[in-house]
Every structure is written in structure tokens, then in C-alpha cells.
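Peer 1: Pasting a structure below so you can have a look.
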Amino acid sequence: MARQDRAIRTRRVILEAAASVFDELGFDRATIAEILARAGVTKGALYFHFPSKEDLALAVLHEQVLDIAVRPQQIKLQEFVDAGQILAYRLRHDAIQRGAARLAIEQGSNHLDRKQSMSAWSSFVEGLLKEAKARGEVMESVNVRDTAELFVGAFAGLQMMSKAFSDQGDLSHRLTVFFEHTLPTIAVPAILAKLKLDPERGAQLDAELRSQADGEDADGGEDAAEAGAALLDAAP
């Protein structure tokens, strides 16, 4: 178990190092040597997890979607808003999100299948909107797939603009403005009035999610220790 945990941690260290290099240099200019230097691991350890630079980049793109979670809310459409604000916050503070964001919208390199990342994000958002519509929170006339793809495309554009003007510093504000202009065409009026669009909400929710994850990790460690102790007690 300890070896498996160490392998998981090593993989994450490599991913975060690669993401920071991709964020700064882009895919084409990034080198394995620079990633190794940032990660502080051996070449063998890196290639054990990722056979090539392309595999590393695809893993970073995949991790971007896995990293996003939202706390359950009474209003499902609030979770849609929250997912956007959490991502906007993490694009200022999280290496994986920043690296994946550049990889997803970077022009020039033809070595990466960016469609997979965009499709995963669109599916994630579409799932939230479908459930919100089933609950009666979204207008019947709304096409949820088109709306999900509109959001993902618009977010990519907002992200590029925010990067140019403030290195993502004003992205949460820009996203709030986007929501203020688009949600009235999506949400039923009674739900719209209850939605929380505060641009600082992303930071608060991210802190709550990380605290919850830390608590679950601690509980898992205690459970493993208790299981190990029980095995020792049962040993002849």
C-alpha cells in the first residue's frame, strides 16, 4: 500500500511540474529535461508513468476535468455556476488548471487532440444542465447541449482575454458578467432570483472542497492503520 501511495504522489508531482512548464512555455517549447528539473524525479520515474511528452500533456488535460467538483446544492443550476467560479479561481492558483488551459487553447502545435478536453468539459456542463432542466430550473426552450458548448467556448475566450489583461486576475469578475448576461435566457425567473453569482464564491468553495478532501484522506489513512493493526492482532 505504501508503494502504491508513493507512486500516486510521484505521478501527481510529475503532472504538476509538467503543467507549470506547459503553462509557461507551451507544448512545443516544453522539454522533458525542464519537467524533470521541476519535478525532482528521475527520468525512469517519469517514463514509468508517462511514455512521452504528448502523453504527459494529454494527462494534464484529462486531470483538469477530474479536478473540478462542486458541492451539492439545493438548486442544480447553482452547481453549474459554482463549477465555473471554482475553475476561474483555480486558474489563478492551480498548476494543473493553468497548464491545461494553455494546452487547450494554444495555437500552433498539431500534436495534441484538444477536442477530447473540450468534449469532456462540454459533457460535464451538459450533465449539470440536463439535471437542472429535469428539476424545472431551466426553461423548456433551452437546448442544453448547445448551451453547454456555448459556455465552454465562451469560457475559453474569457480566459484568453483575462490572461492578456491581468494574468487571470479578473477572470472571476468576467465570468460573473457573462452569467449576468446569459442566465436570464436559461433559468426560470424564480430560480434566477436565487442564484449566487458572487465572483468571490469560487475561492470559498475551493477552500471547502480542499478541506473536505484533506479530511477524507486523513480518514482513509486512519482506516488503513486500523486495518493493519487488526491484521497484526489476528496474526498467530
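Just so it is clear, none of the values below were taken in a lab; they were calculated from the coordinates. These numbers were taken from a predicted model, which means no experiment stands behind them. Every residue, glycine as well, gets a Cβ built from its backbone with ideal geometry; the counts of neighbours run over all protein chains shown.
Peer 1: So how tilted is helix 171-182 from the main axis of the chain? Cα-based, degrees 0 to 90, rounded to 10.
Peer 2: Approximately 40 degrees, to the nearest ten.
Peer 1: Kindly put Ser141, Ser172 in sequence by how many other C-beta atoms sit within 10 Å of each C-beta, fewest to most. Display every interim value, and only then the final one.
Peer 2: On the way: Ser141 7, Ser172 24.
Taking fewest neighbouring Cβ atoms as first place, the list is Ser141, Ser172.
Peer 1: Determine the relative contact order of the chain: mean sequence separation of Cα pairs under 8 Å and six or more apart, normalised by residue count, in whole percent.
Peer 2: This gives 22 percent for the chain.
Peer 1: Lysine pairs in segment 63-216 8 or more apart or on different chains: how many have alpha carbons under 20 angstrom apart? Could the numbers behind the result be given before it?
Peer 2: Numbers: Lys76/Lys130; Lys76/Lys133; Lys76/Lys194; Lys76/Lys196; Lys130/Lys194; Lys130/Lys196; Lys133/Lys194; Lys133/Lys196.
Lysine pair count for segment 63-216: 8.
Peer 1: How far is helix 201-234 tilted off the main Cα axis of the chain, in degrees rounded to 10, range 0 to 90?
Peer 2: The helix 201-234 is inclined about 30 degrees to the chain.
Peer 1: I'd like the orientation of helix 144-166 relative to the chain: the angle between its Cα long axis and the longest Cα principal axis, in ° from 0 to 90, rounded to 10.
Peer 2: Long axis of 144-166 versus the principal axis of the chain: about 70 degrees.
Peer 1: Once the mean 1/r over all distinct Cα pairs of the chain is inverted, what Kirkwood radius in angstroms do you read off? Provide the component values of the computation, followed by the final result.
Peer 2: Values: mean 1/r = 0.0510 Å⁻¹.
Value: 19.6 Å, from the Cα pair sum.
Peer 1: Could you put Arg98, Arg38, Arg145 in order, starting from the residue whose Cβ has the fewest other Cβ atoms within 10 Å? Show your work: numbers first, answer last.
Peer 2: On the way: Arg98 24, Arg38 18, Arg145 13.
Going from least to most buried by this count: Arg145, Arg38, Arg98.
Peer 1: Once you have a ≥ b ≥ c as the square roots of the Cα gyration tensor eigenvalues for segment 99-182, tell me rounded if a/c is under 1.5, and otherwise prolate or oblate according to whether a/b is larger than b/c. Please report the intermediate quantities before stating the final value.
Peer 2: Working: a/c = 2.99, a/b = 1.42, b/c = 2.11.
Verdict is oblate for segment 99-182.
Peer 1: Could you work out the relative contact order of segment 46-106? I mean the mean sequence separation of Cα pairs under 8 Å and 6+ apart, divided by the number of residues, in percent.
Peer 2: On the way: 31 pairs, mean separation 22.0, N = 61.
With pairs under 8 Å counted, the relative contact order is 36 percent.
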